[in-house]
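Engineer: Quick one: the structure is below, and I'll ask about it shortly.
Laboratory data are not the source of any read-out in this text; all were calculated from the coordinates shown. Owing to the predicted nature of the structure, the values given are computational and were not obtained by experimental measurement. Here Cβ is always computed from backbone atoms with ideal geometry, including for glycine, and neighbour counts include all displayed protein chains.
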Amino acid sequence: MQSFATIAETNNYVRPEITENEIYIKESRHPVVEKVINTEFVTNDIVMDKNTNILLITGPNMAGKSTYMRQMAIIAIMAQIGSFVPATVAKLPIFDAIYTRIGASDDLVSGESTFMVEMTEAANAITSATDKSLLLFDELGRGTATFDGMALAQGIIEYIHQNIKGKTFFSTHYHELTDLDKTLKHLKNIHVSAYEEDGKITFLHKIKEGSVDKSYGIHVAKLANLPESVIKRASEILKVYEDKENKRDVKVQEALPIDELMPKKSKVEEELEKIDPLELTPMEALNILYKLKQNANK
């Protein structure tokens with residue numbers, strides 16, 4: 001407790017308030033990252049009212065999506081162990097557990113690939129979490145083909161929204177998923193902003209409302225000093241893919257019509273539905289049976 005008091009005063013932490021089902025953290029910071037970076041840490045608000053259970057986070061690589069999610073988890077842990085927290089205002093509920101699906105790792109000794117580990121961790125989270133849990137999903141679905149990953153990500157988001165209803169942070173590069181705010185009333189889009197000028201990108205590390213439709217992956221590759229010829233060729237290929245995608249006009253499947261999910265009825269079933277057995281004579285019943293038999297053989 002003495003240590004908590006010392007760091008609270010030294011680092012300008014604030015006393016957290018306990019709420020029922022809402023999060024309001026003003027100018028939140030990551031207590032570790034702010035100590036190790038050479039520049040000033042960019043603070044961000046974390047706001048989830050009673051009607052918001054899922055924050056869908058988009059934005060460029062390296063912009064700060066993962067940091068934002070992790071500082072939420074660390075603030076929750078600090079609050080529940082009796083410490084003040086890195087923010088100017090902090091109101092948050094008591095969580096019964098924190099479930100995460102973050103990073104890329106494998107378990108080759110046990111025969112599990114990176115994607116298998118990813119799915120196992122996701123399965124554990126959504127089968128164990130309650131409406132009092134905190135869930136963090138970082139880039140779920142990236143270990144498989146694009147449409148497979150996107151479909152799994154959407155399925156998991158919808159499951160959490162309908163069944164778990166716990167406070168969930170879900171970052172993604174599948175920009176198509178941002179359309180889900182039209183059909184899932186407890187989901188809200190936010191993004192980490194970046195500024196692009198003359199092909200150069202500046203990460204602002206600031207969370208804003210709404211979504212973005214660009215990941216700036218090639219810009220990040222350029223920052224990593226990939227050969228210029230690779231960057232140029234990747235940009236050309238990306239343009240071809242984007243043109244194809246625009247022509248194909250791929251949209252997120254908001255909901256499959258129930259008629260498409262149900263097997264179509266056969267002619268025999270349709271005929272049976274028209275029949276009232278109580279009004280048939282034995283001879284009529286035999287004639288109908290004969291006709292149904294003929295239809296079934298076609």
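Engineer: Taking only C-alpha pairs under 8 Å that are 6+ residues apart, what is the relative contact order of the chain in percent?
Structural biologist: Numbers: 438 pairs, mean separation 57.4, N = 298.
Taking the mean separation of contacting Cα pairs over the length of the chain, I get 19 percent.
Engineer: Where both residues lie in the chain, what percent of DSSP beta bridges are antiparallel, nearest 5? Before the final figure, lay out each step's value.
Structural biologist: Numbers: 16 of 36 bridges.
DSSP beta bridges in the chain are roughly 45 percent antiparallel.
Engineer: Computed FRET efficiency, Cβ-Cβ of residue 132 and residue 223, R0 51 Å: what is it to the nearest 0.05?
Structural biologist: On the way: r = 40 Å, r/R0 = 0.79.
Computed FRET efficiency for residue 132 and residue 223 comes out at 0.80.
Engineer: Okay, next question. Relative to the compact-globule scaling 2.2 N^0.38 Å, provide the ratio for the alpha-carbon radius of gyration of the chain.
Structural biologist: Rounded to two decimals, the normalised Rg is 1.37.
Engineer: So what's the back-of-envelope 222 nm ellipticity for the chain, counting only DSSP H runs of four-plus at -39500 (n - 2.57) apiece and dividing by all residues, rounded to 500? Please report the intermediate quantities before stating the final value.
Structural biologist: Values: 10 runs with 114 residues, N = 298.
It comes out at -11500 deg cm²/dmol, rounded to the nearest 500.
Engineer: Where in the chain are the helices, taken as whole DSSP H runs, whose Cα atoms extend 15 angstrom or more along the long axis and whose Kyte-Doolittle mean reaches at least 1.6?
Structural biologist: Details: long enough: 65-80 (23 Å, 0.40); 114-128 (21 Å, 0.49); 146-159 (20 Å, 0.56); 228-248 (30 Å, -1.21); 282-297 (23 Å, -0.43).
Helices meeting the span and hydropathy rule in the chain: none at all.
Engineer: Can you flag which of 167/188; 65/91; 132/208; 132/206; 26/185 are past 19 Å Cα-Cα? Don't jump to the answer; show the numbers that get you there.
Structural biologist: Numbers: 167/188 12 Å; 65/91 21 Å; 132/208 26 Å; 132/206 27 Å; 26/185 24 Å.
The answer is 65/91; 132/208; 132/206; 26/185.
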